[in-house]
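The structure appears below as structure tokens.
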Amino acid sequence: MENVKELLKAHEGLKREVYLDIENSSMVPQEIVEAMLPYFNQKAYGNPTLTHKLGWEAFETIMEMAQKIAANLGCKTLEEVNFTPGETEANNLAILGTASAQKNKGKKIIVSEIEPLSVMHVAEMLQKNGFSLFKIPVNNEGFVNLEKLEAAVDKETILVSTSAVNHEIGTIQPIREALEIVKDKNPETVFHSDASDAYGKIPFNVKSLGLDLATISSYKILGPRGIGALYVNEGVNVEKILEGQIGTQKLWPGVENTPSIVGFAKASELAFEDFEKNLNHMRKLRDMLIEGATSKISDVKLNGPQDDKRASDNANLSFLGCEGEALTIELSLNGVYVSSGSACTRRVLQPSHVLVAIGRKFEEAHGSILMKVTRYHTDEDIQYVLEVFPKAVERIRGITGSTKVE
Amino acid sequence: MSRMPLPYNPKVLELFKNPKNLGKMEDATVTAVAGNPMCGDMITFYLKINDQEIIEKASFESYGCAANIATASIVTEMIKGMHLEEAWKISWKSVAEAVGGLPSVKFHCGVLAVGALKRAIRKYYKERSVSKSWLLEELSFEEKQALEEEELAKMLEKRMKTEK
């Protein structure tokens, strides 16, 4: 703990701070915090399944919030929105809950090679327990290979899961096309999509896409952490994966987190208010970041696709000859907060599986930096980042010197 | 495996911010490398050794995390003015101690730094065909570890190529 205090002291006196690590956690805007506050101790703090005023208030609140989120998702009814404690839990529920409900129909599961770990690791766990797993490869921009997908789906296939937008490199997948391919081959296959990086960030509607299951996450749209949801299309059978007291949420036992649900709904409301304007603003900042970094710094590679094929908020760049963890620390000491796909920050030997899957060499992945902009960031924020970045890269490259593979 | 934050101590942070003895040495007597950029972890040492087998100057370059940079830097400080036999006795644990301790997931940085140093010393004598009673044929722990990491990188590279 002493060390952490010293590390924090090293950040004193920063002239500006810009937080771009929305992938890993986010700041919660004041207006969202304020929307949540009354629900901690002024109203609706009861258990929504119980027969007293505070319980009924909670019930009413949760249904109202579910209705708001359902509307933003394009659902028919609020019953299709199942709150969970987050994206990880919703993905676990989608994969394990489907496997458990459909196991008599078949034992094959298909996921893309670049799924988040809360899909990937769960699918791999099922593989160890007797299911067969096929990972669909992606091209160098992260688009799933639809031919391989088509070839892989058979009558044994109970589940296909591929993210609507990749969390690391922002690839917007052709979900509708993928879904049609899957349903043509096997109408009974359940199609799940982790839409945590699509919801509120690109036009996204579960009904027009025809999805069976979709995961959304609160903090990815600047709501509080600890809350997410799994959309389950009416008629799709998913079994719960935890046991306990079931309340208003039929797929997740335990006491509902009313303040966080309120924060999640508020975050949704704000993300969808002035949707186009927000999107254009984020795209502008994203492109400022990408173009600024690639023009000011040599040997930089963009990871993932460009322009309209890329999520509005995502910038992921590899700085060659620059180890990512060292770069994140150098940037942090200058008030710019980002993450890296380097093995070092991930505490494992292998770097980001997403970057490896799109054909990046390990040393390119180790030098990768992931940034996500929000509607709250300003031009000045990005200008500051672009002022700090070249100096930081130059200093880390100075330490690398000639220590690299020829 | 849990994913702990890395509470680097002030000494590591200071060496990261202001590394001592950084940079290529043009008149180095011996140069040695350990690690592989595939692992995100690589160190080069440059040693200037005089006729009395004393390390007059040492410098480093590092492609790696803050712990990697700090341990490489501290090794160059520790060995300055040392006889090669004395430098050979440095262990990764004493390096970790010298930087005020390392998070356990970063122990291998200290190991790699000492691995690079021992490689340099071995190389110095080998190039001169000199054998020393204290310098065993068998690789030291740190040299073995560095080699293991490099072999692993090669294996991963091979596996990636065959998968593609």
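None of the figures in this text is laboratory data; all of them are computed from the coordinates on show. Please read these numbers as outputs of a predicted model, since none were measured by experiment. Note that we place each Cβ from the backbone using ideal geometry, even for glycine, and neighbour counts take in every protein chain shown.
General observations
- Amide N proximity, the stretch A:11-53 versus A:Q245 label position 7 Å along Cα-to-Cβ, cut-off under 14 Å: A:46-52
- Using the rule -39500 (n - 2.57) for each DSSP H run of four or more residues, divided by the residues of chain B, the 222 nm mean residue ellipticity is -15000 deg cm²/dmol.
- Counting other Cβ atoms within 10 Å as a rough exposure proxy, the listed residues A:Y219, A:Y45 run A:Y45, A:Y219 from fewest neighbours to most.
- Simple spin-label estimate for B:S91 and A:N129 gives 4.4 nm between the two label positions (7 Å along the Cα-to-Cβ direction from each Cα).
- Cβ-defined net charge surrounding A:I32, 15 Å radius [Lys, Arg +1; Asp, Glu -1]: +1
- Within the same chain, aspartates and glutamates fewer than 8 places from B:K144 are excluded, and of the rest, those with a Cα less than 16 Å from its Cα are B:D41.
- Tilt relative to chain A, helix A:175-185 - C-alpha long axis, 0 to 90 degrees, to 10: 50 degrees
- Over chain A: helical MRE at 222 nm, DSSP H runs n ≥ 4 each giving -39500 (n - 2.57), nearest 500: -13000 deg cm²/dmol
- Cβ charges +1 (Lys, Arg) and -1 (Asp, Glu), total dipole of the protein assembly as shown, debye: 700 debye
- The stretch B:10-163 - charge dipole about Cα centre, Lys and Arg +1 at Cβ, Asp and Glu -1, debye rounded to 20: 160 debye
- Length gained on full extension, A:N205 to A:K5: 67.5 nm, using 0.36 nm per residue less the C-alpha separation.
- For the stretch B:59-102, the residues whose amide N sits under 20 Å from a probe point set 7 Å from the Cα of B:V130 along the beta carbon direction are B:59, B:79-90.
- Rounded tilt (10° steps) of A:258-272 against the dominant C-alpha axis of chain A: 60 degrees
- In Hz, Karplus ³J(HN,Hα) per residue of the stretch A:367-384 (6.51, -1.76, 1.60; θ = phi - 60°; x = Gly, Pro): x, 8, 10, 9, 9, 10, 9, 10, 5, 7, 6, 10, 4, 5, 4, 5, 4, 4
- DSSP H segments from chain B that extend 18 Å or more along their own axis, Cα-based, with Kyte-Doolittle mean of 0.5 or above: B:66-79
- Here the stretch B:10-31 and the stretch A:347-398 have alpha carbon centers that stand 24 Å from each other.
- The residue among B:N18, B:Q52, B:P7 whose Cα reaches farthest toward the positive pole of the charge dipole of the stretch B:5-109, with charges on the beta-carbon of Lys, Arg, Asp and Glu, is B:P7.
- Theoretical FRET efficiency, 1/(1+(r/R0)^6), r = Cβ-Cβ of B:E157 and B:K123, R0 25 Å, to 0.05: 0.55
- Label-point gap, in nm, between A:H121 and A:D299 - each point 7 angstrom along Cα→Cβ: 3.3 nm
- Label zone at A:E79, where the point sits 7 Å out along the Cα-to-Cβ direction: the stretch A:237-260 residues whose backbone N lies under 15 Å: A:237-238, A:248-251
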